[in-house]
Amino acid sequence: MASTADPERKEEEAAAGEEEDTGAQVAPIVRLEEVAISTGEENEDVILDLKAKLYRFDKDGNQWKERGAGTVKLLKHKETAKVRLVMRQSKTLKICANHLGLIVIPTMSVQEHVGNDKSCVWHAADFADGELKDELFCIRFQSVENCKNFMETMQEVAESQQKKEESKDASDAAGLIEKLTVEDKKSEEKTKEEDTVADKEEKVAESEKKVEEPASST
């Protein structure tokens with residue numbers, strides 16, 4: 001004959017098996033402090049921020065290799081006004097493109113990828129691997145509009161950088177001409193001063209010579 005257990009007794013045993021809450025608080029053994037992480041972008045303003053997938057052309061394998069999917073940015077330095085391109089992978093935030101300085105310059109022409117209006121290609125000196133390398137990149141966006149926006153912004157930056165470089169070159173040239181003019185003037189003044197000193201020394205020598213000559217007999 002099967003025995004039946006008392007429901008109240010079961011509840012008492014179950015309650016006894018549970019851990020008793022004493023209300024005590026246990027302090028953590030290790031206290032973790034918040035750490036500020038520097039991205040290197042604190043002194044830069046974001047000009048462009050788009051999601052995309054980046055590819056790099058492997059010369060040895062003669063094929064495109066995926067570099068990472070994430071966010072591509074154009075950043076303008078607040079003090080120097082230089083623009084650079086930076087792209088980080090979405091999950092790891094690892095840098096997969098870093099064109100310093102911007103090495104977005106007029107010679108870095110961005111062109112639409114043949115056969116795909118959501119992609120474009122360009123050459124650039126890249127520093128993502130910690131070593132400056134000349135690379136061929138291809139980037140693919142989620143829409144045609146984003147791709148056009150990227151290309152147009154890159155072109156605007158390149159033109160702006162070109163004007164800035166031309167202005168700097170003109171200023172440097174003017175400064176060099178002014179420096180040469182000042183140096184020529186100083187050289188001319190020094191020559192005149194040396195000539196004056198030489199004339200004085202010659203006159204003194206002639207005067208001393210006359211004094212030393214004996215009087216002629218009559």
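Laboratory data are not the source of any read-out in this text; all were calculated from the coordinates shown. Just so it is clear, the model here is predicted, and its values are computed rather than measured. Reconstructed Cβ throughout: ideal geometry from the backbone, glycine too, with neighbour counts over all protein chains shown.
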Just to verify a number: FRET efficiency for Asn43 and Ala69, C-beta to C-beta distance, R0 = 25 Å, to 0.05?
0.40
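Work out how much length Lys192 to Leu100 would gain on full extension: take 0.36 nm times their residue separation and subtract the Cα-Cα distance, in nm to one decimal. Present the calculation step by step, with values, prior to reporting the outcome.
On the way: separation 92, 0.36 × 92 = 33.12 nm, distance 5.14 nm.
Contour length minus Cα-Cα distance gives 28.0 nm.
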On a 29 Å Cα-Cα criterion, which of the cross-link pairs Lys78/Lys133; Lys133/Lys179; Lys163/Lys186; Lys94/Lys133; Lys73/Lys164; Lys163/Lys185 come out too long?
Lys133/Lys179; Lys163/Lys186; Lys163/Lys185
Rank-order 52-62, 137-147 by packing density, defined as the average count of other C-beta atoms within 10 Å over each peptide's residues, highest first.
137-147, 52-62
